[in-house]
Amino acid sequence: MTTVHVGLPAAVDGGVGASPQRPDGRLKVTGEFAFSSDLWADDMLWGATLRSPHPRARITALDIGPALRVPGVYAVLTHEDVPGAPLYGLEHVDQPVLAAREIRYQGEPIVIVAADHPETARRAARLVEVAYDVLDPVTELAAALDPAGPQVHADRPNLLRHVPIRRGDPHATAAVVVTGEYEVGMQDQAFLGPESGLAVPAEDGGIDLYIATQWLHVDQRQVAACLGLPPEKVRLTLSGVGGAFGAREDLSMQVHACMLALHTGRPVKMVYGREESFFGHVHRHPARLRYEHGADADGRLVYVKARILLDGGAYASSTGAVVANAATLGVGPYDVPNVVMDAYGLYTNNPPCGAMRGFGAVQACFAYESQMDKLAAALGLDPVEVRVRNALTTGDLMPTGQVVEGPAPVAELLRLVRERPPAPAVGDFLPGGTANTTRGEGVVRGVGFGIGIKNVCFSEGFDDFATARVRLELVGGRPAVLVHTAAAEVGQGLVTVQAQIVRTELGVEQVTIAPADTAVGSAGSSSASRQTYMTGGAVRAACQAIRTRLLERLGRAPSTTDNDKKVPFLALEEIAELLGEGAIEETVEWRHRPTHPLDPATGQGDAHVQYAFAAHRATVDVDLELGLVKVVEIVTAQDVGKAVNPGAVAGQIQGGTAQGLGLALMEEIQVVDGKVRNPSFTDYLLPTIMDMPPMSLDVLELADPHSPYGLRGVGEPPTISSTPAVVAAIRAATGAALTRVPVRPEHIVGV
Amino acid sequence: MDFLNPATWADALKMKAERPDAVPIAGGTDVMVELNFHRRRPPALLDLTRIGELSTWDLDGDTLRLGAGVSYARIMAELGEQLPGLAMAARTVGSPQIRNRGTVGGNLGSASPAGDAHPPLLAAGARVELASVRGTRLVPVDEFFTGPKRSVLAPDELIAAVLVRPAAGPEQFSKIGTRNAMVIAVSSFALALHPDRRAVGTGIGSAAPTPRRAAEAELFAAGQLPWDTLGALDPDVVRRFGELVAAAAAPIDDVRGTAAYRRHALAVMARRTLTWAWRDLCG
Ligand SMILES: Cc1cc2nc3c(=O)[nH]c(=O)nc-3n(C[C@H](O)[C@H](O)[C@H](O)COP(=O)(O)OP(=O)(O)OC[C@H]3O[C@@H](n4cnc5c(N)ncnc54)[C@H](O)[C@@H]3O)c2cc1C
């Protein structure tokens, strides 16, 4: 063998850095795309769920007889019918598949029904007679934190996780001190495609489940355990996902549909309605945050002390990781020598909370950015200036002691959003929109800033990997590639990105992405802004392995400068010739650099893989008398390392910003005494096109030396800092304190 | 569930008499939500969309007869001159899809305290034409509502039309929502100046068990406005008008807003709309 220099293939259209059309784009905008709620099997039954109306109760009697007697009903199952483990969970196995005795949240499933018509199933479920001993719910965080108070779970304390972080001198003092207490309401992911799936019993006694989810393998593990089946008999295939944002990390109807299918021997479809969906998935943790910032006379931070309480609701879900994020990212993208941070996650009888875009970083960012504005005011400094003076940069230490490696352009992002030209003097329309509430009376302009930090990929020593199988073969005499992974396309554009990576790595334009399923190894979750990094990294590694195999066939050893762009790789014709010997397939399990656990006492440790940053400037018009807000413009700057697909990057930044705007102004699940008061899109308000302003984007591409193509996860950062920027702008216009999001008109007006 | 599909108004009235439990459906933008949320499972639906005359309007002397089935989109497009307050309210209803389907008859049928058509109809002094095989009766709109989602509509009756005098003066409608479009009113207010009668009409939405007028505010303003001179408004009169409108409300705290905010917002809307309308009247 001779060693030769071969680099990347010559560029083909639609590679990394281009914005080719999504393969599913046209179908989605024309309404033809098949979502999981469109699944169909000819002889299928429909499942329905009976849920508890009470947030805390004890079931004293259960009679399924009336439901069983309904014509058309094929099965009525309770906790006694769960074939395997009675409980499941992402981090802690604490959540019953079906409630046996204890009810811990409103909406907890108790009975499932299969019938030949969805309406029949629902009506039968309502006929089940349940007698409850209704108990007082634990709903206040302070009460939940009290060790002497009532416990949500008899066998475990309410304190799910406490993450303390200690850096420097805990008794440091400072010339200027500002304190604040903040509150974040319960946001919902509010995906448009409700929980749905189809379970089909298989001849081998196993089950095939077609499902909209974020992580097929973590579903498979939990479903198999609850069904008492080996994982290989529980086969999952991803079906069309109508949005996720974290809400599909936990199981919803997966085990239920499989139980009904195995019991009846018929395929069973379950689709939640909009109202049930609000009870069928976890939400963003509501939080109470108390902060004290100390700075010297120049505005340099001396210390931050913080206590963050996160309401985990009835079951753990991913609360532990959310708490760790809130703690480790809780002082923001600032260099702070002394930190005393305590973040707590608690069980309550409120709706269970778990993953949602931003994952613990959102709640903290609202508080620390509000504090930075307060500090600027106390010092008489410009809010951007105070941030710039404290901006984190490469080589600085996080409160965890972790060194910030790679680009950390915090100051640059802030300057970029500050230096954008001001918003137009007159917006598209005034606060109140078309509702004719003002002709300019009481309307005041305000501008606010926010910047945030987010970890990318899974942290704290988690064995985070993604698997990709890539097959290069001749199709009609031309090289073509098939990519097979279990990675969930949840709307973010992963299907597009996988093909782009293949085109760049192999120079082959024709790429097909096989349906994601559990026939290939785990890809990990489509969350934590990680999938382009991880599955993208795995696809790239598999392509590189294929390149090596091609060179071997050619009788050449791969060179060390394999990625040298100047030396072209094989031409398409050469590849075609080499494939005459047969297809080449490579499966790669790819990992990011390992992370490490946090010290349980000091919170020290290299817990995160990569940090990502975004900054926002929001300009708002506020009607001071009515408390109505129109966001006039948002400008943002984000470092994405490498924009693998610039169109998709812009989409993520715009969508994430909108979700943060929603939290600032309107999105809240209102919970009173453990009960959800607004489980509908009539009263859970999402921003409309009239609420989202025009945006301008600055996308930086400062490569991270450790990630594929230098990319940085993009999905979450825009959600994090848009909330505090919008609120800061409202404060600037009104002078109101606004310590809670969503901001309501009555908070602005003060009545 | 039976689906009754009359082709004529006479058939519709006959069917409603025979099946008083049948739920009329016009645009379906309330009915279908109730069905989809499993809040209601009526034994029968009575489809009114095939009855052409229901979705027409015409002017008879000084009375405009607005068929119950005329959509918000058409009110915006066709009646901005004659019924400016209602047209403004129509513009704030839902989204374009909802405005294409939703009707004033349906709004009245639902009788929600938050129905956006109600305040301008109250301010304009409209009457509702109710029909059954027994005959037809006219009910002043401020006597139509009897409670939250309740009205004087009898089980065998249908809403045929709304009778209203085209505006003789400026009308305004203003609505508070916590987002800038597609929102159910937190509270709303409609104002009509009737310079011909030197009268003022008002309508309050989403701030009492039913849509209602602010009668005292109407009388106060009618007496205080400088009709003769068409001169500038006295700020004290404007302020007092706002107070009286707020006082006429009986709001509650709910997911959409607090009672205190609703009252406060009504006063602001009353002041502003009076100011705008007076300015429009004076040219
Ligand atoms: C997304 C969305 C947004 C909305 N936004 C608003 C809003 O901003 N403002 C607002 O006011 N409303 C809103 N609505 C509610 C609804 O659109 C209105 O109430 C509309 O006026 C209903 O008209 P419809 O023709 O669709 O009524 P339908 O749903 O067909 O009927 C409504 C009720 O009236 C009865 N009914 C209908 N016609 C007659 C008749 N001729 N005689 C007797 N009874 C009759 C029906 O039996 C039913 O009880 C919204 C609804 C949706 C789904």
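For segment A:164-213, taking the residues that are buried (at least 21 other Cβ atoms within 10 Å of the Cβ) and of a type in the set (S, T, N, Q), the one that is farthest from the chain's Cα centre (by Cα) is identified as A:196.
Within segment A:312-336, the set of residues being assigned to a strand (DSSP E or B) and open to solvent by 10 Å² or more (accessible area, probe 1.4 Å) is empty.
Checking each residue in segment A:321-376 for being more than 22 Å from residue A:397 (Cα to Cα) and among the hydroxyl-bearing types (Ser, Thr, Tyr) picks out A:344, A:347, A:348, A:370. Taking the residues in segment B:250-277 that are open to solvent by less than 10 Å² (accessible area, probe 1.4 Å) and over 30 Å from residue A:668 (Cβ atoms) as candidates, determine which candidate is nearest to the other protein chains (Cβ to nearest Cβ). Among residues in segment B:250-277 that are open to solvent by less than 10 Å² (accessible area, probe 1.4 Å) and over 30 Å from residue A:668 (Cβ atoms), the one nearest to the other protein chains (Cβ to nearest Cβ) is B:276. Just one of the listed residues (B:97, B:82) is away from the ligand (no atom under 14 Å from the Cβ) and modelled with pLDDT of 95 or more, and it is B:82.
The one condition from (1) of a type outside the set (S, T, N, Q); (2) within 14 Å of another protein chain (Cβ to nearest Cβ); (3) free of Cβ contacts under 8 Å to residues at least 60 places away in the same chain that residue B:140 does not meet is (2).
If you go through segment A:131-152 and keep only what is within 30 Å of residue A:599 (Cβ to Cβ) and either part of a loop (DSSP other than H, G, I, E, B) or in contact with a Phe, Trp or Tyr (Cβ under 6 Å, 6 or more places away or on another chain) (or both), you end up with A:146, A:147, A:148, A:149, A:151, A:152. Could you check, for segment A:40-53, whether at least one of its residues is closer than 22 Å to residue A:279 by Cβ and of a type in the set (Phe, Trp, Tyr)? So far as segment A:40-53 goes, yes, one or more of its residues are closer than 22 Å to residue A:279 by Cβ and of a type in the set (Phe, Trp, Tyr).
Exactly one residue out of A:144, A:154, A:148 is modelled with pLDDT under 95, within 27 Å of residue A:353 (Cα to Cα) and not assigned by TED's automatic domain parsing to the domain that holds residue A:254: that is A:148. Residue B:60 meets each of the listed conditions (1) in contact (Cβ under 8 Å) with a residue 24 or more places away in the chain; (2) more than 16 Å from the ligand (Cβ to nearest atom) apart from (1). For segment B:154-192, a tally of residues being away from the ligand (no atom under 15 Å from the Cβ), assigned to a loop (DSSP other than H, G, I, E, B) and of a type outside the set (Lys, Arg) returns 5. Within segment A:49-87, being in a strand (DSSP E or B), in contact with a Pro (Cβ under 8 Å, 6 or more places away or on another chain) and either surrounded by 21 or more Cβ atoms within 10 Å (Cβ to Cβ) or hydroxyl-bearing (Ser, Thr, Tyr) (or both) holds for A:49, A:50. Of all residues in segment A:206-230, those being of a type outside the set (Lys, Arg), over 19 Å from residue A:265 (Cα atoms) and not in a strand (DSSP E or B) number 10.
Within segment A:435-448, being within 9 Å of another protein chain (Cβ to nearest Cβ) and loosely packed, with under 15 Cβ neighbours inside 10 Å holds for one residue alone: A:439.
Of these, B:240, B:212, which one is closer than 25 Å to residue B:127 by Cα and either within 14 Å of another protein chain (Cβ to nearest Cβ) or of a type outside the set (A, V, I, L, M, F, W, C) (or both)? Before the answer, list the steps.
Numbers: B:240 fails: closer than 25 Å to residue B:127 by Cα.
Step by step, each of B:240, B:212 is checked, and only B:212 is closer than 25 Å to residue B:127 by Cα and either within 14 Å of another protein chain (Cβ to nearest Cβ) or of a type outside the set (A, V, I, L, M, F, W, C) (or both).
Of the residues making up segment B:100-118, just one is more than 6 Å from the ligand (Cβ to nearest atom) and over 12 Å from the mean Cα position of the chain (by Cα), namely B:100.
Pick out the one residue from A:608, A:706 that is surrounded by fewer than 24 Cβ atoms within 10 Å (Cβ to Cβ), assigned by TED's automatic domain parsing to the domain that holds residue A:324 and not in a helix (DSSP H, G or I). First the steps, then the outcome.
On the way: A:608 fails: surrounded by fewer than 24 Cβ atoms within 10 Å (Cβ to Cβ).
Matching residue, one of A:608, A:706: A:706.
When the criteria are applied in full, residue A:423 fails the requirement of being under 30 Å from residue A:531 (Cα atoms), in the same structural domain as residue A:620 (by TED's automatic domain parsing) and open to solvent by less than 20 Å² (accessible area, probe 1.4 Å).
Cβ-Cβ contacts under 6 Å between residues 6 or more apart (or on different chains), taken from a first residue in segment A:325-349 that is of a type in the set (Phe, Trp, Tyr) to a second residue that is assigned to a loop (DSSP other than H, G, I, E, B), are listed as A:334/A:392; A:347/A:152; A:347/A:158. Among the residues of segment B:120-153, the ones that are more than 10 Å from the ligand (Cβ to nearest atom) and either of a type in the set (Lys, Arg) or under 18 Å from residue B:175 (Cα atoms) (or both) come to 9 in all.
Do we have any residue at all in segment B:161-180 that's surrounded by 15 or more Cβ atoms within 10 Å (Cβ to Cβ), of a type in the set (Val, Ile, Thr) and at the interface with chain A (Cβ under 10 Å from one of its Cβ atoms)? Even if it seems obvious, please write down each step before you answer.
Residues of segment B:161-180 surrounded by 15 or more Cβ atoms within 10 Å (Cβ to Cβ): B:161-165, B:167-180.
Those left that are additionally of a type in the set (Val, Ile, Thr): B:162, B:164, B:176, B:178.
Going one step further and asking which of them are at the interface with chain A (Cβ under 10 Å from one of its Cβ atoms), we end up with B:176, B:178.
There is at least one residue in segment B:161-180 that is surrounded by 15 or more Cβ atoms within 10 Å (Cβ to Cβ), of a type in the set (Val, Ile, Thr) and at the interface with chain A (Cβ under 10 Å from one of its Cβ atoms).
Filtered by the rule that a residue be open to solvent by 10 Å² or more (accessible area, probe 1.4 Å) and either part of a helix (DSSP H, G or I) or not polar (S, T, N, Q) (or both), segment B:93-104 gives B:93, B:94, B:96, B:97, B:98, B:99, B:100, B:101.
Looking only at segment A:216-248, residues that are surrounded by fewer than 23 Cβ atoms within 10 Å (Cβ to Cβ) and of a type in the set (Phe, Trp, Tyr) come to 0 in all.
Condition check for residue B:247 on (1) small (Gly, Ala, Ser); (2) more than 30 Å from residue B:60 (Cα to Cα); (3) within 14 Å of another protein chain (Cβ to nearest Cβ): one failure, at (3). Evaluation of residue B:244 against the conditions (1) within 16 Å of the ligand (Cβ to nearest atom); (2) part of a helix (DSSP H, G or I) shows that the sole unmet condition is (1). Every listed requirement among (1) at the interface with chain B (Cβ under 9 Å from one of its Cβ atoms); (2) of a type in the set (D, E, K, R); (3) open to solvent by less than 30 Å² (accessible area, probe 1.4 Å) is met by residue A:677 save one, (3).
Among the residues of segment B:6-52, the ones that are away from the ligand (no atom under 12 Å from the Cβ), exposed (fewer than 15 other Cβ atoms within 10 Å of the Cβ) and part of a loop (DSSP other than H, G, I, E, B) come to 6 in all.
Selection of segment B:228-249 for residues being under 28 Å from the mean Cα position of the chain (by Cα), open to solvent by 20 Å² or more (accessible area, probe 1.4 Å) and either within 17 Å of residue A:627 (Cβ to Cβ) or of a type in the set (A, V, I, L, M, F, W, C) (or both) yields B:233, B:247, B:248.
The values are calculated or read from the model by the stated rules, or taken from the named source; none is laboratory data. These numbers were taken from a predicted model, which means no experiment stands behind them. When we count neighbours, we look across all protein chains shown, and the Cβ atoms used for this are built from the backbone with ideal geometry, even at glycine. Ligands, DNA and RNA are stripped out before the accessible areas are found, and what is left, the full protein with its side chains, is counted by its heavy atoms. Shrake-Rupley method; radii C 1.70, N 1.55, O 1.52, S 1.80 Å.
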